[in-house]
Amino acid sequence: MLSPNELTSIIEDVEEAKRRGARAALVTVVFVSESAYRRPGARMLVRDDGHVAGGVSGGCLEADVVRRARAAMLEGRPAVVGYDATDDEDGGFGAGLGCRGEVEVLIEPAWLERTAFHLACLRRVLTARQSSVLALRFRGPESDLGAFAHFLPSGESASIAGGPGTDLAGLRERVTGVLEQRCGQCVPGEAADAGPAVSLEYLLPLPRLLVVGGGPASEPLAACAHALGFRVTVVDERPGYLSRRRFPRETATSTVDVGHLARREVDAHTACIVATHNLAYDARALRGLLPSAAGYIGVLGPRKRTARLVEQLRPELEGAACAWERLYAPTGLDIGAGTPEQIALSILAEVQAVMTGRPGGSLRNRTTPIHEDASDPARGGGSMSRPGRIAAILLAAGESAR
């Protein structure tokens, strides 16, 4: 998995290398067996001056990957490198790690035609609001290594000139499964041997966060979300509210009607936080957001206050396709948050859990592996939403909250 901030850094560094006439190589984790710090889809860019963007491990593999990437740049051809951390006594890269996993990385010089296609697919993620699947061959003839097809949900595919002649129609059934499970996989039966193997990577649009209300909570919320790679917009129609705050430079601000903004920008990959601290404004915000496709809608404030808003709005929105099951109030996980910064952490932790279909509990209590097995299509990723708290809001309206 590639973080939004890493993706942005990699694309910017590729453009910088082009301007400077420098060489670079794109490194992609294509296969993981058992435990590893990063999963398939993690990437890093290595320039010939030693500059690195992104990462493929917790730091234990990077030095050797950089060395191998420089060799690939000099030779002008792609390579696949495997690392084995299953031997606790290993004197090499598995020494003392105890990760019990194997990792394979694909290294591609940036100027190759297939790498250019790969990078073009990644650039699309920065602007597209549609999930897609990228096919990467990482075993087989050297001339066939790398990205060769990009599938959109409509079933369309784009393959590069001089591709490997892979039966794209045969892959479409697998691609459909990846899009439904929202989790990448290796084509079954091929990843465990020395023959050709294909990684089908699920590419998500960049996540968005829409914060309604320019109060004190909006500053740390925007800053924390930006650090996590969200594209953040803070909206407040009240005069002067936004000018009082210091947001990260990349934060967009708006004074337009929330309903208008919801129709234009909110989709399933958008989380919305209502935090105006004004009952009437909260009601207007929910009136605009509930009919939207938002993947998460959170309300800052006591449970019974939100319950009153829900009771007020439900008859009005009867018949509309509303996101009642995606409404979370009070917003956030129960981590004992009290300060604005802690509350921001609590909110975004819950957003992450909801968007990945996880319960948000302690990993210590999880009885199954933390990561899904990318080689097993039967174990897909989580859905974009899970049952919301609307029933709890209505049943426990008398309870107080944060």
If you plug each phi of the range 283-293 into the Karplus form 6.51 cos²θ - 1.76 cosθ + 1.60 with θ = phi - 60°, what whole-Hz ³J(HN,Hα) values come out, in order, with x for Gly and Pro?
5, 5, 5, 5, 4, x, 8, 4, x, 7, 8
Using a 1.4 angstrom probe and counting only protein chains, how large is the accessible area of Met73 in Å², to 10?
10 Å²
I'd like the accessible area for Asp48, computed on protein heavy atoms only with a 1.4 Å probe and all protein chains in place. Round to 10 Å², please.
70 Å²
Whole-Hz ³J(HN,Hα) from phi, Karplus 6.51 cos²θ - 1.76 cosθ + 1.60, for the range 46-63, glycine and proline x
10, 9, 5, 8, x, 5, 10, 10, x, x, 10, 7, x, x, 6, 9, 4, 4
Long-range amide H contacts for Ser132: which residues qualify at under 5 Å (H placed 1.01 Å from N, peptide plane, sequence gap of 5 or more or a different chain)?
Leu203
Using a 1.4 Å probe, how large is the accessible area of Phe247, given in Å² and rounded to the nearest 10?
40 Å²
Starting from the residue with the highest accessible area, list Thr115, Thr255 in decreasing order, probe 1.4 Å.
Thr255, Thr115
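The values are calculated or read from the model by the stated rules, or taken from the named source; none is laboratory data. Source: prediction; values computed, not measured. For accessibility, only protein heavy atoms count, side chains too; no ligands or nucleic acids. Shrake-Rupley method; radii C 1.70, N 1.55, O 1.52, S 1.80 Å.
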